[in-house]
């Protein structure tokens, strides 16, 4: 009866060995027992036979939602999967299946597809840190002060912090949390500070709430925020130019083509150490050059500001 063609009253009468009136009464009884989003409807088919069909009204709860939207969400799941615990992936999968079942029959298809795979090298397993991520997300949403213990690299003793978390940031397969250090008894923002999420050994939400934006920087600059934004130019040789052209390194980047096939990339960075490490990774095919006179004439501040307090000065090595 749940198929698109339905089932005829004549067929039911023969299979149940009863009269048409009895068939109608049975269908009415079943309808009375069904949930509000299900109904058996009676209508003639192409041969003018009275047919019954089970209809779901669940799709009315998702107006305008299509299979393509579900598939898009499934792709987002695949992209995030390398950083999610198995339990979380399973929960997302079940939610996607349930959402797909709400679609009209003609749109229902599998949402599993062929998942995107990643070639990971030295990746971090965030499964054991799922509770830390959950606690941080709740604290960020409610602007709640936290007490946390953090184990810096190359040290054996964890340090304690009073912390106002602002945002979890993912970069190169690593999760960071950025926010502000708080002095004891104060709810005013102190030093801007960044932690490697997987090196947080304990986090406890307190009963105090802060009232400032703990993550003010919404620009997409190169690197994590370790200092105020500054403008830098990088000359990239022809052999590495395509790799650089194909990617966005900062939201306001510009690329100048050179006669030798190379390029000059201009970016805004909030981590000059990260920028220098990135340039070194090209093995001599890139170098940082002096900012252009045009940028200086526009009043760009390219002097290094004192770096904010860093929970891990060697954070790039993870």
_Extension gain (nm, one decimal) between residue 11 and residue 202, 0.36 nm per residue minus Cα-Cα_ = 62.1 nm
*Measure out, as a whole number of angstrom, how far apart the alpha-carbon centroids of the range 131-180 and the range 252-283 sit.*
30 Å
_Tell me the relative contact order for the range 127-209 as a rounded percent, counting alpha carbon contacts under 8 Å between residues six or more apart._
34 percent
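If r is the Cβ-Cβ distance from residue 171 to residue 259 and R0 is 41 Å, what FRET efficiency results, to the nearest 0.05?
Efficiency computed from Cβ-Cβ geometry: 0.75.
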_Using only the Cα atoms of the range 7-56, what semi-axes does the equivalent ellipsoid have when each is the square root of 5 times a gyration tensor eigenvalue? Give whole Å, largest first._
19, 14, 7
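Mind checking the full-extension length gain between residue 158 and residue 80? Use 0.36 nm per residue of separation minus the Cα-Cα distance, one decimal, nm.
The span from residue 158 to residue 80 would gain 25.1 nm if fully extended.
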*If each residue's Cβ is checked for other Cβ atoms within 10 Å, how do 230, 153, 171 rank with the fewest at the top?*
171, 153, 230
*Give the order of 11, 135 when sorted by the count of other beta carbons within 10 angstrom, beginning with the fewest.*
11, 135
_Residues 282, 210 arranged by fewest to most Cβ contacts within 10 Å_ = 282, 210
*asked:* Order 125-134, 25-34 from most to least packed using the mean count of other Cβ atoms within 10 Å.
replied: 125-134, 25-34
*Points 7 angstrom from Cα along the Cβ direction at residue 287 and residue 238: gap in nanometres?*
1.8 nm
*Gain in length, residue 55 to residue 33, computed as 0.36 nm per residue apart minus the alpha-carbon separation, to one decimal in nm?*
6.5 nm
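With a ≥ b ≥ c taken as the square roots of the eigenvalues of the C-alpha gyration tensor of the range 131-178, please select rounded if a/c is under 1.5 and otherwise prolate if a/b is larger than b/c or oblate if it is not?
The shape class here is oblate.
FYI, it's all coordinate maths here, none of it is from the lab. This structure is a prediction, so every number in the text was calculated from the model and none was measured. As a convention, Cβ positions derive from the backbone with ideal geometry for all residues, glycine included, and neighbour counts pool all protein chains shown.
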